1. Residues 79, 58, 33: which one is under 19 Å from the mean Cα position of the chain (by Cα), within 16 Å of the ligand (Cβ to nearest atom), surrounded by fewer than 21 Cβ atoms within 10 Å (Cβ to Cβ) and at pLDDT 95 or above?
2. Within segment 304-311, can one find any residue that is under 21 Å from residue 14 (Cβ atoms), loosely packed, with under 14 Cβ neighbours inside 10 Å, within 19 Å of the chain's Cα centre (by Cα) and not basic (Lys, Arg)?
3. If you scan segment 169-197, which residues turn out to be more than 16 Å from the chain's Cα centre (by Cα) and either closer than 22 Å to residue 321 by Cα or hydroxyl-bearing (Ser, Thr, Tyr) (or both)?
4. Filter segment 210-231 down to the residues that are within 14 Å of the ligand (Cβ to nearest atom), assigned to a loop (DSSP other than H, G, I, E, B), over 30 Å from residue 9 (Cβ atoms) and aliphatic (A, V, I, L, M) and list them by number.
5. Test residue 269 against the stated conditions and say whether it is without any contact (Cβ under 8 Å) to a residue 40 or more places away in the chain, within 19 Å of residue 317 (Cα to Cα) and not hydroxyl-bearing (Ser, Thr, Tyr).
6. Out of all the residues in segment 299-317, is one or more free of Cβ contacts under 8 Å to residues at least 40 places away in the same chain, at negative phi and out of contact with any Gly (no Cβ under 8 Å at 6 or more places or on another chain)?
7. Within segment 139-156, how many residues are out of contact with any Gly (no Cβ under 7 Å at 6 or more places or on another chain) and within 22 Å of residue 18 (Cβ to Cβ)?
8. Give me the pairs, please: first residue somewhere in segment 1-29 and more than 24 Å from residue 245 (Cβ to Cβ) and of a type in the set (Ser, Thr, Tyr), second residue anywhere and modelled with pLDDT of 95 or more and buried (at least 18 other Cβ atoms within 10 Å of the Cβ), beta-carbon distance under 6 Å, and either six or more positions apart or on two chains.
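The values are calculated or read from the model by the stated rules, or taken from the named source; none is laboratory data. Quick caveat, the model's predicted, so the values are computed rather than measured. Every residue, glycine among them, receives a Cβ derived from its backbone with ideal geometry; neighbour counts consider all protein chains shown.
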Amino acid sequence: MGFFDTRITKLFGIQYPIIQGGMAAGLVSTAELAAAVGNAGGIGFMCAIQWMDDVHKLEEEIKKIKDLTDKPYGINVTLFPMIEASWFDAVFELIKKYEVPAIETSARSPQPWLEQIKGLGIPWIHKVARIRDGVKAAKLGADAVTIIGSEEGGHPGAERNATSVVGPLLVDEVDVPVAIGGGFCDGRGLVAVLAMGGEAVYMGTRFCASEECIIHPKVKQKLVEMAYNETDYILMSVGDPVRAVRNSRTQKILEIEEKEGADGVTKFMAEDSGGLGLGGLTAMNTGDVEQGILPLGMVGGRIKEVKPVQQIVDEIVAEADEVLQKLSARKYWKA
Ligand SMILES: Cc1cc2nc3c(=O)[nH]c(=O)nc-3n(C[C@H](O)[C@H](O)[C@H](O)COP(=O)(O)O)c2cc1C
């Protein structure tokens, strides 16, 4: 068994234990990105909610990815409660119709959707930010669970956990394989995850800084220029925080949260999105880096260059290999 062979590579039928998580903020994780990650040896998830306005657009995207790769890929179904049940039903139907190879769920308990998910008969990974949710997902029958720390971009959870703490904790709590994410971008991260007992490194922000990612070049520029301590943890007052690159909009949101709490910020988000849709998230595609919300992780501070996905994956694997060799050489010094 090779060092990079894990129960997760086996589950998805992939070469390397590298997962690109589903991402939606406008359009982020589309067919091009997921196919590129699959072609490079990992697995990428297209995020279904990117097309929540029209499920037929998701269907077009599935057709597109089938043309771009014959390697495994998946669809992320982010179970946001404000989305209508009928839309989720339509997504599960498409996954079945097009024999999508894998499904990822996230954001809420998958319990209400269990029958549909299990009925697909394909590998299922569920993502959580809390230990108790991970344990529950494993009990419900998820084939694998991802746990993320609050370093991550997107919705990192209200407990503000550290990846290095919740990763090994969940590994010890469940029998199913665990992917660990939040703050990783390279081969050192991959080795760290394997050392923690994880069976795949899970990343989002690193893949936003790729040539295949559809986000606006100005956002990619911002990503490679940002420092690690230039993100804000916004919307904590409403119980579902978002980590986003610090700009005048995140600062304004924090100010309103401090002065007016959840009601004030909910009103602000509904009324003012800086002229942008989805509460400012469409800035990921329009490039309005000051007025929009850019939900990128703090690991942006370690990413210095936009690269093709193939190169990103090759470098992660090569660096992991190098680190492992260096570490195992040290063993002999001690002996
Ligand atoms: C721009 C962006 C949008 C995201 N949107 C979603 C989403 O809609 N659903 C979801 O489950 N995770 C979402 N995530 C989280 C990622 O799938 C992944 O958990 C996270 O990026 C991992 O941490 P990292 O950013 O430090 O690599 C998003 C992340 C980013 C960067």
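1. Numbers: 58 fails: surrounded by fewer than 21 Cβ atoms within 10 Å (Cβ to Cβ); 33 fails: surrounded by fewer than 21 Cβ atoms within 10 Å (Cβ to Cβ).
Just a single option satisfies the conditions, and that option is 79.
2. yes
3. Result: 177, 187, 188, 191, 192, 194, 195, 196, 197.
4. Passing the criteria: only 226.
5. So residue 269 does not fit the description; no.
6. Of the residues in segment 299-317, the ones free of Cβ contacts under 8 Å to residues at least 40 places away in the same chain are 311.
Right, trim to at negative phi and you get 311.
From the residues that got through so far, the ones that are out of contact with any Gly (no Cβ under 8 Å at 6 or more places or on another chain) too are 311.
Within segment 299-317 (the criterion being free of Cβ contacts under 8 Å to residues at least 40 places away in the same chain, at negative phi and out of contact with any Gly (no Cβ under 8 Å at 6 or more places or on another chain)), the answer is yes, since at least one residue qualifies.
7. The total comes to 4.
8. 6/17; 6/199; 9/17; 16/41; 16/42; 16/317
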